[in-house]
Amino acid sequence: MKKVLWVVLCLLPSLMWAEKHVSDEGNENYPKYTRADVWKAYEAFNEIFLDSDKYIYKTSTEYAHAVDRFNGAAAIWCQPMYWDMAMNAYRLAVKQKDKAREKQYKDLCRKIFEGNKAQYENFDFHDNNENTGWFIYDDIQWWTITLTRAYELFGEKEYLDLAEASFSRVWYGSEKVGDTGSYDEEKGGMFWQWQPIRNPKPNDSNRDGKMACINFPTVVAAMTLYNNVPKKRKESSERVPSYQTKTQYLDKAKEIYAWGEKNLFDPQTGRIADSKHGSGEPNWKTHVYNQATFIGASVLLYEATGEKHYLENALTATDYTVNEMSEEHDLLPFERGIEQGIYTAIFSEYIAMLVYDCGQTQYLPFLQRNIRIGWANRDKTRNICGGDYSQPLPEGAVVDSYSASGIPALMLLFPDDK
């Protein structure tokens, strides 16, 4: 009885939100999307934004080719989100028993990996050139997550080896680069960057930023690795370990989550701060992708430990995202800064975990509303979407791949509006 009561009390705010949104969501003004629409959206995204010679993604429709960071290649940290989309397309094809698409997207997943490997210094995470190399901690950690997901899906050991190498690079730093690592052993949490890029100084807890965009992805990375490394592994004897045991990954995830929960999470509202510098007040500027990775970190820890407060935190953060951040149009907000259009694609991964793995289906009407309106407002000549789902995308308008990714990313994970 106590367990049932806890579940009801925990879900009450979300259920009240769902009742309101189901009754007045306004979805009836927009056509339902079909399975055919899902494939049409994803195929159009690839047709427009994938450089089919290199198999990396372009910055925008302005570019014919993805040459490098300064000439048409989408940001290094956003490329793994596009690989996530390809893996989700493969999973959907398997689920739908579509053998032709299953083969097509399995092949595409490998080509995207090979293309990025060739583009980004063969995944040498100790190459810190600023064009095709690695120079910010979170850029590397996003790849840790997606490489581990690829290992989980396809079982290719190369993916796991690279994922563990990237996690180690972020946590401990690099002798070659000269940085001391993202982890603050003295005061906890993860630093966002090393500076200067070419000749780093040790991070300073009183000066340097600890951003949500490295702390919660680190938890997600550690937990995704925890779910995929061998159970009976022995601890590494290396001075700088190239891998961790399951227990070590779990302990690291718990530690960084606890720091982030204390310093970057408002438990009363569910908002996630962008960053914290020193002992001062956090910067409470909110972003959808920070909400998303906190949700994902919470879900993964809840699944591993069964501790209820993780699920409570995930629900509180999700309710803030859909109630407060999305209030203006009852749609996910669009930020017009550089690369910020990718936030919806990131959110799609982690809200899917909450909906499917934790049974929180009360958010489906909101997600379907975003898809229906965003898809209805697409450029129908190219079948690509913009990032502001409330506004029609003019025919032929310049669109960046970050903004265009949101609707197809959601569709691949929530493919049926029934």
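Structure notes:
- Only listed residue being charged (D, E, K, R) and closer than 17 Å to residue 400 by Cα, chosen from 68, 98: 68
- Remark: pairs (first residue in the stretch 121-132, over 12 Å from residue 165 (Cβ atoms); second residue of a type in the set (S, T, N, Q); Cβ separation under 8 Å; 6+ apart in sequence or on different chains) = 121/129; 121/132; 128/174; 132/119.
- Residues in the stretch 124-149 that are aromatic (Phe, Trp, Tyr) and buried (at least 22 other Cβ atoms within 10 Å of the Cβ): 125, 134, 137, 142, 143.
- Within the stretch 135-165, the set of residues being among the β-branched types (Val, Ile, Thr) and farther than 16 Å from residue 297 by Cβ comprises 136, 140.
- Residue satisfying condition, being at pLDDT 95 or above and more than 23 Å from residue 82 (Cβ to Cβ), within set 310, 350, 343, 356: 310
- Hits in the stretch 118-160 - residues which are more than 20 Å from the chain's Cα centre (by Cα) and not in a helix (DSSP H, G or I): 124, 126, 127, 128, 129, 130, 131, 132, 133, 155, 156
- Count - residues of the stretch 184-206 that are surrounded by fewer than 15 Cβ atoms within 10 Å (Cβ to Cβ) and under 12 Å from residue 171 (Cα atoms): 1
- Yes/no for residue 322 being closer than 26 Å to residue 391 by Cβ, within 18 Å of the chain's Cα centre (by Cα) and assigned to a helix (DSSP H, G or I): yes
Residues are listed down the side, and each one gets a yes or a no for (1) free of Cβ contacts under 8 Å to residues at least 40 places away in the same chain; (2) under 20 Å from the mean Cα position of the chain (by Cα); (3) within 30 Å of residue 231 (Cα to Cα):
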| residue | (1), (2), (3) |
| --- | --- |
| 243 | no, no, yes |
| 252 | no, yes, yes |
| 257 | no, yes, yes |
| 272 | no, yes, no |
| 287 | no, yes, no |
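- Exactly one residue out of 322, 355, 399 is in contact with a strand residue (DSSP E or B) (Cβ under 8 Å, 6 or more places away or on another chain) and among the β-branched types (Val, Ile, Thr): that is 399.
- Scanning the stretch 347-385 for residues that are in contact with a Pro (Cβ under 9 Å, 6 or more places away or on another chain) and either in contact (Cβ under 8 Å) with a residue 24 or more places away in the chain or of a type in the set (Phe, Trp, Tyr) (or both) yields 372, 375, 376, 378, 384, 385.
- Checking each residue of the stretch 86-97 against the condition of being closer than 19 Å to residue 37 by Cβ, outside any helix (DSSP H, G or I) and either polar (S, T, N, Q) or touching a residue at least 60 places away in the same chain (Cβ under 8 Å) (or both) gives at least one match.
- Under the condition of being among the β-branched types (Val, Ile, Thr) and surrounded by 21 or more Cβ atoms within 10 Å (Cβ to Cβ), the residues counted in the stretch 46-74 number 2.
- Subset of the stretch 341-397 (residues that are buried (at least 18 other Cβ atoms within 10 Å of the Cβ), assigned to a loop (DSSP other than H, G, I, E, B), within 23 Å of the chain's Cα centre (by Cα) and hydrophobic (A, V, I, L, M, F, W, C)): 385
- Here residue 267 fulfils each of the conditions (1) without any contact (Cβ under 8 Å) to a residue 24 or more places away in the chain; (2) loosely packed, with under 15 Cβ neighbours inside 10 Å apart from (1).
- Test: residue 337 is among the small types (Gly, Ala, Ser), at pLDDT 95 or above and under 22 Å from residue 138 (Cβ atoms): no
- Whichever residue in the stretch 225-249 is of a type in the set (D, E, K, R) and part of a loop (DSSP other than H, G, I, E, B) and, among such residues, is nearest to residue 179 (Cα to Cα): 239
- Screening 121, 158, 152, 164 for residues that are surrounded by 15 or more Cβ atoms within 10 Å (Cβ to Cβ), farther than 24 Å from residue 178 by Cβ and modelled with pLDDT of 95 or more leaves exactly one candidate, 152.
- Residue that is nearest to the chain's Cα centre (by Cα) [pool: residues in the stretch 218-241 that are of a type in the set (Gly, Ala, Ser) and either modelled with pLDDT under 95 or crowded, with 19+ Cβ neighbours inside 10 Å (or both)]: 221
- Some residue of the stretch 382-389 being under 28 Å from residue 250 (Cα atoms) and acidic (Asp, Glu): no
The values are calculated or read from the model by the stated rules, or taken from the named source; none is laboratory data. Just so you know, these numbers come straight off a predicted model, no measurement behind them. Counting neighbours? That spans all protein chains shown, and the Cβs are built from the backbone with ideal geometry, glycine included.
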